[in-house]
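Below is one structure, written out as structure tokens, with a few remarks after it.
The values are calculated or read from the model by the stated rules, or taken from the named source; none is laboratory data. Here the structure is a predicted model, which is why all the values come from computation and not from measurement. All Cβ positions, glycine included, derive from the backbone under ideal geometry; neighbour counts span all protein chains shown. The accessibility values were calculated without ligands, DNA or RNA, using every heavy atom of the protein model including side chains. Shrake-Rupley method; radii C 1.70, N 1.55, O 1.52, S 1.80 Å.
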Amino acid sequence: MNEFITKLRRISGTDSVLTDEDSLAFFSQDVYRTGCRPLAVARPCSISELSQMVAMATAQGIAVFPRGGGISYTDGYLPTTTNAIVLDLRGLDRILTISAEDMYVTVEAGCTWATLDAALKPLGLRTPFWGPFSGGKATIGGSLSQGTATFGSARVGPSDVAVIGFKVVLSDGSIVTTGSGAQPHHTPFFRHYGPDLTGLFTSDAGALGVKAEVTLQLEKRPDAVQGLSFAFTDVTACFEAMAEAARSGLAGEVFAVDAELLRQSAGNADLKRDLSTLWQVGRSGSGMLDGLVRMARLAIAGRNFAKGIPFTVHVVTEANDITRLNGNVAELRRLISPNGVEIANTVPTVVRAQPFPALAVTAPNGRRLLAIHAIVPFSVGNELHSLTERIVARYADDLRANNVIVGYSFATVGRSGLLYEPVFYWEDSHELFHRRETPPDMLAGMAQFTANPKGRALVQKVRDEMVDTMFMHGAVHLQIGKAYPYLRDRDPALVALLNALKHHVDPKGLMNPGALGLATPNPHHG
Ligand SMILES: Cc1cc2nc3c(=O)[nH]c(=O)nc-3n(C[C@H](O)[C@H](O)[C@H](O)COP(=O)(O)OP(=O)(O)OC[C@H]3O[C@@H](n4cnc5c(N)ncnc54)[C@H](O)[C@@H]3O)c2cc1C
């Protein structure tokens, strides 16, 4: 094995291949769980290095687990065998081309959404889906490999809609180009030319190959932005208001939280961070006066503005000028107000002022967290929520005894999808992953808890029941990883096709084995 590590190091230098205990432990953990400890962590810095590393590993029967920013919680990149390397793709972080004329951008897959957004903003451009809340760490390759929602999602849907083409390294090290860039003298400006093979590699959890480059659509960045917030006493009215906002097509983001989630996310009062937030809000105004007004409103509303309100809905709308923005705002108020009460727009204002803040990977109070989700049609939201609440009620005593709390957040994805997200918070020890990935000043202010294996097992049990209920109600999932029942009772003809594709691109089954639940290879092959 030492020979393999030495050869890996020859490809990209000694520092790019880690084998120390701490690194192996860190790279075998995600936000939620721990996988097998790999042989090494390799960090390619070019597509050629990546292709050589993958080819060398698989030639020796060593499995490859691609990892971007690493801040997912569905075992997506966790090794399922110790005979493995983890590929840390954050070394592939360059922005390769920005074409303002042809409206596309090509980046290496390890570039973060925050880095891309910072480069596009001065040009008055952005991508139609432009990042998750975790975009300071989440990579574009990671997000597109598992499907991500947030900024722009109410208008255009999940991250996949923004992609035009990929360069993907397959398990033998060969490189596939999708989209219009796949022919000589053709730029990657267009996705649809014959069968959509770009789509094949979206949300594949890295089971089909490692994305090395991504080309994304560009759009003009609107100049005027406003957030609106509303309070609701019951979930039915909350969902109806969200659906109305989504159907109107006037909102970039529509999201909601229940009182418990808001309480868990609020954190301890922190003057330094609050002032920095106010400053960001001020800077995000379209003029100095507007900025000051926003800061003053936010300061008055303070941290406790929504304390105890059962559900708050937050909507962000954009336009190219103030007149059109005011029109959108008036229309959204008309659609949402009938069942809700407008409140201070603190949440959307802060979110848009600082879309990619430094984030903890636990709750700000130090509790461990696990978010699970389903995307369902709006017509199913109420029933799914009442059944989920019934599960929580059935386990209420156990949850209390084991210090587990459940909160909810919701968002719209495109015109017809309700993203329904129960979030578990529980008292439990922090792993190396949580200590390293939480900003030190936040970590210093957090409570530390002792290991709570009973609480952890309970979270998994309740989670599994909720996911079964989601399945029974026609849910689909982003971020399938190795955790959601993607293949359960799926059309056999489709499963056969998928397995054949997997077999073609990864005949030995060494590309992120376990991801999507795809079949392991025939042991008699190669
Ligand atoms: C605090 C917090 C906030 C979050 N906010 C959001 C949010 O707003 N919206 C949302 O949808 N999600 C959110 N998430 C979940 C997660 O951060 C995002 O989905 C994010 O896009 C994951 O990107 P990543 O680069 O960290 O991917 P990783 O976690 O590194 O990987 C995800 C999957 O993609 C695969 N992969 C990674 N890179 C590649 C590649 N180049 N080629 C092939 N496969 C690859 C991995 O094997 C894995 O299966 C949040 C998570 C946290 C902890």
_Would you work out the Kirkwood radius for segment 147-210? I mean one over the mean of 1/r across all pairs of different Cα atoms, in Å._
12.7 Å
*Per DSSP H run of n ≥ 4, the term is -39500 (n - 2.57); total these for the chain, divide by its residue number, and report the mean residue ellipticity at 222 nm rounded to 500 deg cm²/dmol.*
-10500 deg cm²/dmol
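Provide, as a two-decimal number, the C-alpha radius of gyration of segment 204-259 over 2.2 N^0.38 Å, N being how many residues it has. Spell out each step's value before the answer.
Values: Rg = 17.5 Å, N = 56, 2.2 N^0.38 = 10.2 Å.
Here the Cα radius of gyration is 1.73 times the empirical estimate.
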*Across 10 Å bins from the origin, how do the percents of Cα pairs in segment 62-111 run, short distances first?*
24, 37, 24, 13, 3
*Pairs from K7/K211; K211/K461; K454/K508; K7/K121; K167/K461; K137/K508 whose Cα-Cα separation, in the structure shown, is over 30 Å*: K211/K461; K454/K508; K7/K121; K167/K461; K137/K508
*asked:* As I understand it, the value is the acute angle between the Cα axis of helix 47-59 and the longest principal axis of the Cα atoms of the chain; what does it come to in degrees, rounded to 10?
replied: 60 degrees
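Where a ≥ b ≥ c are the square roots of the eigenvalues of the C-alpha gyration tensor, would you call segment 373-459 rounded, which needs a/c under 1.5, or, failing that, prolate if a/b is larger than b/c, or oblate? Kindly include the intermediate steps, with their values, before the conclusion.
Details: a/c = 3.38, a/b = 1.51, b/c = 2.23.
In terms of gyration-tensor shape, oblate.
Kindly work out what percent of the DSSP beta bridges joining two residues of segment 2-91 are antiparallel, to the nearest 5. Write down the numbers at each step before the final one.
Numbers: 3 of 11 bridges.
Percent antiparallel among DSSP bridges in segment 2-91 is about 25.
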_Net dipole in debye of segment 359-448 [+1 Lys, Arg Cβ; -1 Asp, Glu Cβ; about Cα centre; nearest 20]_ = 120 debye
*Considering the alpha-carbon set of segment 310-398 alone, what are its Rg and its Dmax in angstrom?*
17.8, 54
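If we count every other residue with Cβ under 10 angstrom of G142's Cβ, Lys/Arg +1 and Asp/Glu -1, where does the sum land?
Values: positive: R67, R90, K137, K211; negative: none.
Overall, the nearby charge balance is +4.
How high is the relative contact order of the chain, in percent, with contacts defined as C-alpha pairs under 8 Å that are six or more residues apart? Please list the in-between numbers first.
Values: 1127 pairs, mean separation 87.2, N = 526.
Relative contact order, the chain: 17 percent.
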*Counting only protein chains, not ligands or nucleic acids, how are R390, R94, R488, R10 ordered by accessible area (probe 1.4 Å), most first?*
R10, R390, R94, R488
_Rounded tilt (10° steps) of 271-283 against the dominant C-alpha axis of the chain_ = 90 degrees
*How large is the Kirkwood hydrodynamic radius of the chain, in angstrom, based on all distinct alpha carbon pairs?*
24.0 Å
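Using only the Cα atoms of segment 2-91, construct the convex hull and provide its projected area averaged over every direction, in square nanometres to one decimal.
On the way: hull surface 20.4 nm².
Hull-based average projected area comes out at 5.1 nm².
Of all alpha-carbon pairs in segment 404-509, indicate the percentage at a distance above 22 angstrom. Show your work: numbers first, answer last.
Details: 3036 of 5565 pairs.
Here the tail beyond 22 Å accounts for 55 percent of pairs.
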*With axes computed from alpha carbons, what is the tilt in degrees of helix 288-301 against the longest principal axis of the chain, rounded to the nearest 10 within 0 to 90?*
80 degrees
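When the dipole is taken about the Cα centre of the chain, and only Lys, Arg (+1) and Asp, Glu (-1) are charged at their Cβ, what size is it in debye, to the nearest 20? Don't skip to the end; give the middle numbers.
On the way: 48 positive and 50 negative charges, 93 e Å.
Magnitude of the dipole: close to 440 debye.
Using unit Cβ charges (K, R positive; D, E negative) and no other charged atoms, how large, in debye to the nearest 20, is the dipole of segment 418-526 about its Cα centre?
Values: 11 positive and 12 negative charges, 67 e Å.
My answer is approximately 320 debye.
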*Could you give P(r) for segment 448-526, binned at 5 Å from zero, as whole percent values over all Cα-Cα pairs?*
3, 13, 17, 19, 15, 12, 10, 6, 3, 1
_Cβ-defined net charge surrounding G157, 13 Å radius [Lys, Arg +1; Asp, Glu -1]_ = 0
*Please compute P(r) over all alpha-carbon pairs of segment 429-480, binned at 10 Å starting from zero, and give each bin as a whole-number percent.*
19, 31, 30, 19, 1
_Rg/Rh (Cα only; Kirkwood hydrodynamic radius) as it applies to segment 95-220_ = 0.94
_Around S171: net Lys/Arg minus Asp/Glu count, Cβ-Cβ under 11 Å_ = 0
*Along segment 187-202, what does the Karplus equation 6.51 cos²θ - 1.76 cosθ + 1.60 (θ = phi - 60°) give for ³J(HN,Hα), rounded to whole Hz, x for Gly and Pro?*
7, x, 8, 9, 8, 9, 8, x, x, 7, 7, 4, x, 4, 8, 6
*Rounded to the nearest 10 Å², what accessible area does D321 show when all protein chains are kept and the probe is 1.4 Å?*
50 Å²
